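The values are calculated or read from the model by the stated rules, or taken from the named source; none is laboratory data. The model shown is predicted, which means the values in this text are computed figures rather than measured ones. Cβ placement follows ideal geometry from the backbone for every residue including glycine, while neighbour counts extend to all protein chains displayed.
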């Protein structure tokens with residue numbers, strides 16, 4: 001069904017990858033039949049998954065060699081464990097190797113993740129450091145495109161990974177932030193951040209405000225076709241002139257100018273970071 | 001400069017940067033100095049508490065908005081100034097970071113992007129050939145560690161009760177995983193990656209060296225020399241073995257990470 005559109009968010013990670021890649025080109029690596037499961041979950045009474053919630057698939061996108069690394073948000077909140085993290089890191093590392101040997105493998109990262117899987121804490125964190133390293137390596141050769149669609153969104157160390165991508169695509173249903181609302185409330189108090197006030201949370205970290213305030217490059221509807229169009233747009237732009245993560249002059253100037261004697265609200269954020277070209 | 005020691009990280013920064021040129025002008029919570037480590041040219045970077053931090057949620061040594069972007073700036077400076085040199089300045093990250101900053105402004109103004117700035121800068125420097133050594137003297141927690149230290153080629157830590165490396169503080173981790181702190185601690189004792197202590201962390205194979213320092217808040221001359229020598233050895237090792245992070249894959253409790261990489265390569 002090449003032209004019939006459908007919801008992107010409702011698809012599993014595997015189906016997202018399959019639908020994005022050119023028809024018939026999808027080939028999954030370390031699929032569930034390989035049964036590489038987390039060695040750390042069963043001792044804690046948690047049933048592991050045969051793919052550890054991470055789908056790595058090679059194929060073609062728009063005729064070009066592509067690897068898609070898609071996190072399954074349904075399994076353990078898309079959290080990064082030793083195996084899932086190593087799958088993503090290894091695929092990115094091999095894509096960079098491809099580029100060094102003349103194969104321009106490009107990478108698409110589908111983020112639906114709460115960050116580190118706390119049951120594998122330090123190994124999740126270490127894997128995320130490897131992922132950061134591999135993105136920085138690969139983005140020198142080809143654009144690394146991140147997509148966070150929802151409903152989990154992208155948090156923790158993986159929001160840093162999203163911040164390292166050459167381009168970031170979001171939907172209105174996605175949220176993007178370093179710290180989850182519950183943790184901020186736990187650490188800083190309910191006055192600072194009320195994790196139950198959903199409209200407030202969305203006004204801080206929702207896909208739409210992230211796009212309008214320049215923390216994402218493209219916002220799309222919940223549509224497979226629109227996601228694919230956005231990816232093509234990013235790829236056509238090639239390597240960005242300035243990576244968002246290198247833009248310290250811009251951000252330091254803004255952050256130093258803010259009056260922090262009063263608390264922030266959505267209007268203040270928009271006045272400071274809002275981009276006039278993004279209504 | 002006052003002689004007041006702001007933190008253990010600050011203490012080790014001052015020990016290692018005697019006679020070095022202090023960089024000024026950035027936020028007070030980031031200390032930077034250019035000097036050498038037993039003859040090897042190096043830039044030293046530490047995140048320290050600043051009680052008067054413009055962003056109050058980052059007043060206790062947390063890595064916040066200004067800290068993340070400032071780390072990005074001062075690391076990029078090294079990359080830029082050595083652009084044409086084949087002998088790259090080493091970067092020594094002195095790590096004592098209790099956490100990233102948790103707050104409303106932090107989320108709203110994009111702390112994830114600030115930390116990406118820092119992690120990205122360190123990774124770029126490493127890939128450009130700058131030997132980077134992370135010296136963990138206190139806490140190395142979560143996003144703060146990802147931003148300041150985890151991109152180092154080699155990590156050295158002190159074998160000390162107050163040295164702690166983890167993805168999340170105990171109270172929050174308990175809340176998120178719906179356990180009591182006691183239950184979490186009990187579980188952590190039998191699952192090495194969940195443990196909060198440095199001995200269990202060491203089993204994961206992520207450290208280059210674990211050093212015994214009797215009192216890390218008041219080190220002897222011999223201990224200071226040992227730390228300098230170990231950093232210097234690490235730099236030599238880095239120059240010999242290259243820019244990647246493969247050296248972290250040898251731990252017995254991180255063996256599955258190796259298996260995944262081997263299989264991924266075979267199927268690629």
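A compact table of results
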quantity	calculated
Qualifying residue in region A:93-105 (condition: away from every other protein chain (no Cβ under 11 Å), part of a helix (DSSP H, G or I) and at pLDDT 95 or above)	yes
Pair list, Cβ < 6 Å and 6+ apart or interchain, from region A:217-245 residues that are within 14 Å of chain B (Cβ to nearest Cβ) and under 28 Å from residue B:119 (Cα atoms) to residues that are modelled with pLDDT of 95 or more and not in a loop (DSSP other than H, G, I, E, B)	A:217/A:167; A:217/A:168; A:245/A:163; A:245/A:164; A:245/B:116; A:245/B:117; A:245/B:120
Number of the condition not met by residue B:247 [criteria: (1) within 14 Å of chain A (Cβ to nearest Cβ); (2) crowded, with 20+ Cβ neighbours inside 10 Å; (3) modelled with pLDDT of 90 or more; (4) not in a loop (DSSP other than H, G, I, E, B)]	(2)
In region A:1-44, the residues that are without any contact (Cβ under 8 Å) to a residue 40 or more places away in the chain, away from chain B (no Cβ under 13 Å) and either in contact with a strand residue (DSSP E or B) (Cβ under 9 Å, 6 or more places away or on another chain) or part of a helix (DSSP H, G or I) (or both)	A:15, A:18, A:24, A:25, A:26, A:32
Segments classed as strands (runs of 3 or more DSSP E), wholly inside region B:1-89, with at least 2 members that are in contact with a helix residue (DSSP H, G or I) (Cβ under 8 Å, 6 or more places away or on another chain)	B:30-37, B:40-47
Of all residues making up region A:250-259, the number that are exposed (fewer than 15 other Cβ atoms within 10 Å of the Cβ) and either more than 10 Å from every other protein chain (Cβ to nearest Cβ) or closer than 20 Å to residue B:58 by Cα (or both)	4
Residues within region B:105-148 that are assigned to a loop (DSSP other than H, G, I, E, B) and either buried (at least 24 other Cβ atoms within 10 Å of the Cβ) or out of contact with any helix residue (DSSP H, G or I) (no Cβ under 6 Å at 6 or more places or on another chain) (or both), tallied	6
Verdict on residue B:260 being buried (at least 17 other Cβ atoms within 10 Å of the Cβ), within 14 Å of chain A (Cβ to nearest Cβ), touching a helix residue (DSSP H, G or I) at 6+ places or on another chain (Cβ under 9 Å) and not in a helix (DSSP H, G or I)	no
Selection status of residue A:211, over 22 Å from the mean Cα position of the chain (by Cα) and within 25 Å of residue A:145 (Cα to Cα)	no
Leading residue by the ranking (farthest from the other protein chains (Cβ to nearest Cβ)) among those in region B:82-104 that are closer than 26 Å to residue B:55 by Cβ and surrounded by fewer than 24 Cβ atoms within 10 Å (Cβ to Cβ)	B:98
Pairs where the first residue, in region A:58-87, is free of Cβ contacts under 8 Å to residues at least 40 places away in the same chain and the second is part of a loop (DSSP other than H, G, I, E, B) and surrounded by 24 or more Cβ atoms within 10 Å (Cβ to Cβ), C-beta under 7 Å, 6+ apart	A:75/A:53
Test set (1) at positive phi; (2) within 10 Å of chain B (Cβ to nearest Cβ) - residue A:200 fails condition number	(1)
Matching entry among B:152, B:116 (being modelled with pLDDT of 95 or more and facing another protein chain (nearest Cβ under 9 Å))	B:116
Residue list for region B:191-210, filter: assigned to a loop (DSSP other than H, G, I, E, B) and either touching a strand residue (DSSP E or B) at 6+ places or on another chain (Cβ under 9 Å) or facing chain A (nearest Cβ under 8 Å) (or both)	B:191, B:195, B:196, B:197, B:204, B:206, B:207, B:208
Subset tally (residues that are within 28 Å of residue B:169 (Cα to Cα) and assigned to a loop (DSSP other than H, G, I, E, B)) for region A:141-175	8
Test: residue in region A:159-173 that is surrounded by fewer than 24 Cβ atoms within 10 Å (Cβ to Cβ), more than 9 Å from every other protein chain (Cβ to nearest Cβ) and more than 27 Å from residue B:63 (Cα to Cα)	yes
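For every residue, the table says whether it meets (1) under 18 Å from residue A:230 (Cα atoms); (2) over 18 Å from the mean Cα position of the chain (by Cα); (3) buried (at least 24 other Cβ atoms within 10 Å of the Cβ).
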| position | (1), (2), (3) |
| --- | --- |
| A:64 | yes, yes, no |
| A:67 | yes, no, yes |
| A:85 | no, no, yes |
| A:100 | no, yes, no |
| A:111 | yes, no, yes |
